[in-house]
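Encoded as structure tokens, the structure appears first; notes follow it.
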Amino acid sequence: MRIEILGSGCARCHGLKDNVRKALTMLGKDAEVVDVTDMQQIMAYGVM
């Protein structure tokens, strides 16, 4: 599984990434958690 954190790389993005990792640990799941900070790539998801 791959989980992408979309954002500018701010403190909130880092906090979300930490929370996602904690949740994965609690659930006993393994996933790749990556930051996506490129605005063109984020816009390609249609979230902006």
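A short reminder: the numbers here are calculations on the coordinates, not readings from a lab. If you're wondering where the values come from, they're calculated on a predicted model, not measured in any experiment. In this analysis, Cβ positions are derived from the backbone assuming ideal geometry, glycine residues included, and neighbour counts consider all displayed protein chains.
Taking each residue of the range 24-48 that is in contact (Cβ under 8 Å) with a residue 40 or more places away in the chain and looking for partners that are of a type outside the set (Lys, Arg) with beta-carbon atoms closer than 7 Å, six or more apart or interchain, yields 47/6.
Among the candidates 34, 47, which residue alone is outside any helix (DSSP H, G or I), touching a strand residue (DSSP E or B) at 6+ places or on another chain (Cβ under 7 Å) and surrounded by 10 or more Cβ atoms within 10 Å (Cβ to Cβ)?
Details: 47 fails: surrounded by 10 or more Cβ atoms within 10 Å (Cβ to Cβ).
When all the criteria are applied, what remains is 34.
Filtering the chain to residues that are under 9 Å from the mean Cα position of the chain (by Cα) and among the aliphatic types (A, V, I, L, M) leaves 3, 5, 6, 16, 20, 33, 34, 36.
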